[in-house]
Amino acid sequence: MNRTVKLYNTMSRRAEEFTPTGDVVKMYVCGPNLYAPCHVGHAMSYIVFDVLRRYLEYCGFEVRHVQNFTDIEDNIINRAQAQGVSIEELSEQHVEQFFRDMAPLNILKAHVYPRATHEIPTIIEMVQRLIENGHAYQANGDVYFRVQTRTGYGKLSARDLDSMLAGARIEPGENKEHPGDFTLWKASKPGEPAWDSPWGKGRPGWHIECSAMSLKYLGHPIDIHGGGQDLIFPHHENEVAQSESYSDDQKPFVRFWVHNGLMRLAESEEKMTRHLGNLVPINEVVQRYGGDGLRMFVLNSHYRSPITFSEESLESAKRGAERLRIAVNTAAGDADPPVDAAPFKQRFLDAMDDDLNTAGALASLFDLAREINRARDEGRSADEAQAAAREMAGVLGLTLVEPQRVDRAGAEPFIELLVELREDLRCAKQYELSDKLRVRLAEIGVILEDGAAGTRWRTRG
RNA sequence: GGCGACGUAGCCAAGUGGUAAGGCAAGGGUCUGCAAAACCCUCAUUCGUGGGUUCAAGUCCCACCGUCGCCUCCA
């Protein structure tokens, strides 16, 4: 399927038609630092890039998806020391947690998950090259990137060195030539994890790992580099500087920079970052609103807009997901004319083409759901339309399966039995008892619906 | 201080020149023993405020008010 997908590129600050360089779309998404569990803000980012990947694949592109894990960095070292464990143990624990958190969100797995500590030789080679071509220098075992050699420094984040210096937060650092220079390699203190290098024992700086790993696993230029807007500066700006300097500006580093807006908390209005201790764990949200609920919440607004986490919005999203689920999963009749999903699908795809307008795409999906429900009420056929709706929901990564609060398979015979007993009670007009059964089942997550064709039941999270 | 966003109904939110999508909530109705679900109807003459451009502006320009983000810990 040949579609024209437009994507907003942070570098050019406008939406551009997306085309890959080769047969395969090379997509690199910045992963988490492994010193604390992921929070809902991370979930938002991974949901956004999951939808981007799903849509590109839907459009017929083959996507090679790489996501790093940062497993060496100050926070990890500090946290590991505080807990009396090695950085390997700490990272391993959070990698496992990461996959446990992502599974219910229906996030497709990346093809490669490189880790900084496994890529030390590549990193060293890269730093060495940067020193050779004059873009980096060593000082007392540290290696810094020389910001002033790059005329384009600041092009991604739309700022220049002078205006950055106007801000008060740049620390000069005694070893740096220029306050804006950043660390490529950091000499280790006694007791810290360290690797041998031409500059002595040390460890990589934060930014260099992504340049090294994207080069190794995808090759430059990469088509899409994604992450949260908080990474634009300094992280991604520095990646651009070092990666393009590495090839002496022979190769652009990234063709499309894609950044999602950030999530913040309603009450405190504070961004949910872990250093503020103000985080909402993913599993807690999933338990209350379901994976689809969280996804709906994220996709109901544009990925570049900031969103505010609130119970009300999550509840609203959860209810919406339920509405779609019922529309798609409840059997309709077989009379003519069947529902024609084509115009809804068209609207859906047009919205997705337009810089991933998931809110617009969802609107079309909801309209289709109404058509399906209407047809069902009229006894008309909706099988194909339901299949189309499932396909559209699938592009958005919505599962539309019932939440697993009740072990459906195990409980089924017993629920059926209760439904049957309740039918008998209703026939005998024993409504007090039959209503009690319905109420009690609802409390444990089983919803009964009495219709003309008998009683249907479903589960609810 | 520098750079950049945003302000659309009770809440969330789409919509970048042609006369306001969608979801949630609310009210009325159909169906039902009662519910639930679903369907139908109602719910912004109006898009922070004031000017301007235009035949036409939520959409472009200017000013003002307000909210928020980034400025080397951050998805």
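The values are calculated or read from the model by the stated rules, or taken from the named source; none is laboratory data. Fair warning: this is a prediction, and the values are worked out from it, not measured in the lab. No Cβ is skipped: glycine too gets one built from the backbone with ideal geometry, and neighbour counts run over all protein chains shown. Side chains included, ligands, DNA and RNA excluded: accessible areas come from the protein's heavy atoms. Shrake-Rupley method; radii C 1.70, N 1.55, O 1.52, S 1.80 Å.
Might you let me know whether the stretch A:199-218 holds any residue that is among the polar types (S, T, N, Q) and away from RNA strand B (no atom under 11 Å from the Cβ)? Checked the stretch A:199-218: at least one residue is among the polar types (S, T, N, Q) and away from RNA strand B (no atom under 11 Å from the Cβ).
Could you say whether any residue in the stretch A:347-357 is free of Cβ contacts under 8 Å to residues at least 40 places away in the same chain, within 29 Å of A:GLU16 (Cβ to Cβ) and open to solvent by 40 Å² or more (accessible area, probe 1.4 Å)? The answer is yes, given that some residue of the stretch A:347-357 is free of Cβ contacts under 8 Å to residues at least 40 places away in the same chain, within 29 Å of A:GLU16 (Cβ to Cβ) and open to solvent by 40 Å² or more (accessible area, probe 1.4 Å). Scanning the stretch A:407-441 for residues that are in contact with a helix residue (DSSP H, G or I) (Cβ under 8 Å, 6 or more places away or on another chain) and in contact (Cβ under 8 Å) with a residue 40 or more places away in the chain returns a single hit, A:ILE415. Quick check on A:GLU57: is it over 23 Å from A:VAL240 (Cα atoms) and away from RNA strand B (no atom under 12 Å from the Cβ)? Yes, satisfied.
Among the residues of the stretch A:118-167, those identified as open to solvent by 30 Å² or more (accessible area, probe 1.4 Å) and under 28 Å from the mean Cα position of the chain (by Cα) are A:HIS118, A:THR122, A:LYS155, A:ALA158, A:ARG159. Within the set A:ALA388, A:ALA375, A:ALA382, A:ALA411, the sole residue that is surrounded by 14 or more Cβ atoms within 10 Å (Cβ to Cβ), within 27 Å of the chain's Cα centre (by Cα) and of a type outside the set (Val, Ile, Thr) turns out to be A:ALA388. Look at (1) over 17 Å from A:ASP354 (Cα atoms); (2) touching a helix residue (DSSP H, G or I) at 6+ places or on another chain (Cβ under 7 Å); (3) open to solvent by less than 50 Å² (accessible area, probe 1.4 Å); (4) basic (Lys, Arg) and you find that A:LYS26 fails only one, number (2). Scanning the stretch A:303-320 for residues that are part of a helix (DSSP H, G or I), surrounded by 13 or more Cβ atoms within 10 Å (Cβ to Cβ) and charged (D, E, K, R) returns A:GLU315, A:LYS318. Being within 15 Å of A:THR455 (Cα to Cα) and open to solvent by 100 Å² or more (accessible area, probe 1.4 Å) is the filter; apply it to the stretch A:417-435 and report the residue that is nearest to the chain's Cα centre (by Cα). This residue is A:GLU420. For the residues A:PHE297, A:PHE256, the requirement of being part of a strand (DSSP E or B) and either at pLDDT 95 or above or among the aromatic types (Phe, Trp, Tyr) (or both) singles out A:PHE256. Assessment of the stretch A:30-49 against the conditions (assigned by TED's automatic domain parsing to the domain that holds A:GLU119, over 18 Å from the mean Cα position of the chain (by Cα) and buried (at least 21 other Cβ atoms within 10 Å of the Cβ)) yields at least one matching residue.
Taking residues in the stretch A:244-260 that are over 25 Å from A:LEU56 (Cβ atoms), and partners anywhere that are among the basic types (Lys, Arg) and open to solvent by 60 Å² or more (accessible area, probe 1.4 Å), the pairs with Cβ atoms closer than 6 Å and at least 6 places apart or on different chains are A:TYR246/A:ARG129.
Note on the stretch A:411-440: residues that are under 16 Å from A:ARG458 (Cβ atoms) and small (Gly, Ala, Ser) total 1.
Scanning the stretch A:86-117 for residues that are of a type in the set (A, V, I, L, M, F, W, C) and open to solvent by less than 20 Å² (accessible area, probe 1.4 Å) turns up A:ILE87, A:LEU90, A:VAL95, A:PHE98, A:MET102, A:LEU105, A:ALA110, A:ALA116. A Cβ distance below 9 Å, combined with a sequence gap of six or more or placement on separate chains, defines the contacts here; from the stretch A:264-290, residues that are open to solvent by 60 Å² or more (accessible area, probe 1.4 Å) reach residues that are at pLDDT below 55 and not in a loop (DSSP other than H, G, I, E, B) in the pairs A:ARG264/A:LYS271; A:GLU270/A:LEU276.
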